[in-house]
Structures are given as C-alpha cells and as structure tokens.
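The values are calculated or read from the model by the stated rules, or taken from the named source; none is laboratory data. The structure displayed is predicted, hence computed values, not measured ones. Note that each Cβ is placed from the backbone with ideal geometry, even for glycine, and that neighbours are counted across all protein chains shown. Just so you know, the surface numbers come from the protein's heavy atoms only, side chains and all, with ligands and any DNA or RNA stripped out. Shrake-Rupley method; radii C 1.70, N 1.55, O 1.52, S 1.80 Å.
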Amino acid sequence: PSLGPHFFPPGMAQSNYVFFLIAVNIMGFFLVALLSSYLAEQIRRKEEELKARLVDYSQLEQLYKHIVQNVPSGLITVDGEGRVTSFNRTAEEITGYRLEDVYQKEIGEILPGILELSRSAGRALEQGWEKLRFSRWETKFEKRGGTSLTLGFSGSPLKDSEGQEIGSILIFQDLTQLREMEEELKRRERLSALGSLAAGMAHEIRNPLASISGSIEIMKEELGESSSHNQLMDIVLREVACLNSLIADFLLFARPAPPGKDLVPLNDLVEEILIMFGNSADCNPRIRIVRNFQDPVALRADPQQIKQVIWNLLINAAQAMPEGGDLTVELRRRLPILDHADQPAQCEISISDSGTGIAEGDVGKIFDPFFTTKENGTGLGLSIVHRIVENYGGKVWVRSQIGRGTTFTIYLPV
Ligand SMILES: Nc1ncnc2c1ncn2[C@@H]1O[C@H](COP(=O)(O)OP(=O)(O)OP(=O)(O)O)[C@@H](O)[C@H]1O
Ligand SMILES: [Mg+2]
C-alpha cells in the first residue's frame, strides 16, 4: 500500500523512513532486554534472600537441637497421655536410660513419683496423667543400676505453633550432691555444738572415775587377795576401765588433738594398717581385702589420727560382712578441678564393703555420736572419723545400698 505523504516527516525520503523504523525497533529491543535483565536480577536477589532465610531456619533448627541436647539439665517432653516423646542427652546421663528405652513409654514407668504428683493436681488416681503446670518439686529416684538420686523437677505445658497444648515439658537436675552438702553442713553444726558441751562433761566424769578406781585399788591391797569381796572389786575396776575408754573415745570426738604436721607417706601407712587389720580379731577370715593404690600420696598429718580414721572404717566394713565378702581399699590423688585451681590437691581414700548396707533413713544419722544399730556398739566410730577428717579440712562421703554394700570416701588436702 502506498504510504500517504502525511506519514513522512516533511522532506524525508522513503529509504530514510525504513532506516527510522529499524532504529525504533532496535531501541525497543534494547529496552526489552534491559527490562528483562532488571527483572531477572530482581528475581535472583529475591531467590537469594529466600535461600538465606532457609539457611537461617536450618541453622536455627540445628542450634535448638544442640542446645536441647547439651543443656546441663535433663529435658523430657511427653504427649497429652503422658507418653515420652523426647529425652535429651543429660536426661539419659542422669537416669541411665536411653531414648530408645523410654520412647513412647508412660512417664510413670520411668519416674514413678511423678504420676502421684500430676494426679494430685486434682484428678482421681485412676484417671491417669494430668498435664503439669509450672510446678516445682523434688523426688527420690532410683537410677538404672540402683543408685539413689535426688532429682529436682519443674514442669510446664508444651504448646504447638498454634498455641494448642499438646503435652508437657519436664526439666530436671540431679540435686544429690547439693542435698548431701547441705546435710553435711547441718551435721557439722549439730556436732560442733554437741561436741563442746559434752567435752566439758566428759572431763568432769573422768576425775571421779579416777578416784573410784584409786580407792578400790587401795581397798584391794588392804583386804588382801583372799577377801570374799575381791571378785566384786574386780568387777568395779573392770567397769571403771570400760567407762574410761568410752570417755577417752568420746573426748577424741569432742576435742580431737590438733592436726599433725608430719609428712606421712599414705600408701605405706595404709598398707601397714591393712596388714595389722587382716591379722586382728576384728577381721574375719572370710573377708577378702582388695587393694587398689593408684598413686603414691604423701600428706601432712598425725599418722595416729589417720590410722584411727581408717581403722574405724575398716572395723565397720568388717562388721557389715559377718558372712565375709570383699573389702576394697582405694587410694588416689585428685588434682583440684579447673575452676578451683587455687585449691590444694586432695587425696582420696575409699573403703568399700559388700555388706549389709545402710538403711536410707539412717544415712543422715550415722555420723551422730552414739547412733548405733549394733548391740555392742557405742556409736562413736564414725563421729570420730568425721571429726578428725573435718579437722584436716577434709570431707567424708558415704554411698550405700541395702543388701549391696557401702562405700566411705575420704578427701584430705595434701
Ligand atoms: N560399712 C557399714 N555398713 C553398714 N552400716 C554401717 C557401716 N558403717 C557404719 N554403719 C552404720 O552406722 C552406725 C554407726 O557407726 P559407728 O562406727 O559410728 O558406730 P558403731 O560401729 O555402731 O559403734 P562403734 O564404732 O562405736 O563400736 C553403725 O551402727 C551402723 O549401723
Ligand atoms: Mg564402728
């Protein structure tokens, strides 16, 4: 079709017009290219942002997993029926169970006390698990293998992303050592008050006892061997000697001699004591003495006092095994823990028996003077141990299980 003259810019030839059209097309082409590359760039950026966000989420997820696994508290989640849905690493360490042992099990099978607690929230016993709401409590727990622990729990509801309650979270810590330390502190206070009061009395009793036995000795001499009262006077003398040794023991507890400063090679001393003990009437032949001396240790002390401590523990161990068993004596050196590097190194002496064990209710009392469960015991052995060790700035720990045995561990600064 012929192009009317009004389509031409005035004075433009047809060839020029073609050239003009090409130029316009090329410009359009470049514009479109520019625009699409701009859009492509925008899309790429958005994609990158999105990717970065995705990476953040997976990092966050990793971080949460890491935190949950490594918090120094046990962490358990349970569903609405009280069945375990997760169990972190610390929970495994504290309880001795593994996730695969407890997964989907009723929480009450693992922590029997907890059901009572959740039910005490108001439901009848048969109704089972009641969700826990922000409560704290403490309970005794038997670790897999039998060790008794004190655990401190707190419970709170577990919600999903919509805020719906889907179960409970239980967080717990092992408070065993803390409670033992508190118990130890109370015991110290109790013993030191009792000790100073009684030391005074013991002294006062000793003097009249000395006069009684002195007078009887004189009477015996004056009346001669043939006197019919000789036997009675012997009884008096024997009983006075008994009382005297009781008071000597008691004074050892109530007012122990100041700690000695001699350098004592502990391994040699303990070996010497074990040989003496093995041959004494206090040790029965069915007891096997096992030694496990890991490091050579020397400490500044009065060897007589250290001997007294170990001897008292050995006698108790032997008395707990009337049918025989293993009496294990271990010795090792302990460096101070890193964040207490300023504290002195310690030696650890532990004496274990495979005997009767101590009833849980008695553990808190065994260091009290005159607490005994034995027919002929005075109940002073362990209170003397405690007193002497405390005097050296040391500590005594006891772990015991009925029917399995007892371990006394002494820590002394070297
Ligand atoms: N190794 C042990 N195994 C089991 N029970 C123990 C052990 N050591 C101590 N006991 C318990 O602790 C109580 C107190 O011990 P402690 O040595 O103070 O007194 P005792 O042995 O009864 O009398 P004593 O030592 O004065 O003759 C004991 O009566 C016993 O019940
Ligand atoms: Mg004893």
Among the numbered criteria (1) in a loop (DSSP other than H, G, I, E, B); (2) at pLDDT below 95; (3) open to solvent by 30 Å² or more (accessible area, probe 1.4 Å), which one does residue 356 miss? (2)
Run down 185, 209, 194 and say which single residue is assigned to a helix (DSSP H, G or I) and either acidic (Asp, Glu) or in contact (Cβ under 8 Å) with a residue 40 or more places away in the chain (or both). 194
What do you reckon, is residue 284 touching a residue at least 40 places away in the same chain (Cβ under 8 Å), surrounded by fewer than 16 Cβ atoms within 10 Å (Cβ to Cβ) and farther than 25 Å from residue 147 by Cβ? yes
With (1) within 16 Å of ligand 1 (Cβ to nearest atom); (2) open to solvent by less than 80 Å² (accessible area, probe 1.4 Å); (3) part of a strand (DSSP E or B) as the list, and residue 256 as the residue in question, which single condition is left unmet? (3)
Expected output for the range 93-111 (first residue under 21 Å from residue 148 (Cα atoms) and in the same structural domain as residue 148 (by TED's automatic domain parsing), partner surrounded by 15 or more Cβ atoms within 10 Å (Cβ to Cβ) and of a type in the set (Asp, Glu), Cβ below 6 Å, 6+ apart or cross-chain) is 94/174; 98/92
Within the range 369-399, of all residues that are crowded, with 17+ Cβ neighbours inside 10 Å and assigned to a loop (DSSP other than H, G, I, E, B), the one nearest to ligand 2 (Cβ to nearest atom) is 380
Could you tell me whether residue 299 is assigned by TED's automatic domain parsing to the domain that holds residue 403 and either open to solvent by less than 20 Å² (accessible area, probe 1.4 Å) or within 11 Å of ligand 1 (Cβ to nearest atom) (or both)? yes
Evaluate the following for residue 271: is it open to solvent by 30 Å² or more (accessible area, probe 1.4 Å), more than 30 Å from residue 200 (Cβ to Cβ), out of contact with any His (no Cβ under 7 Å at 6 or more places or on another chain) and not assigned by TED's automatic domain parsing to the domain that holds residue 331? no
Look at the range 309-335 and say how many of its residues are more than 14 Å from ligand 2 (Cβ to nearest atom), farther than 18 Å from residue 290 by Cβ and crowded, with 17+ Cβ neighbours inside 10 Å. 0
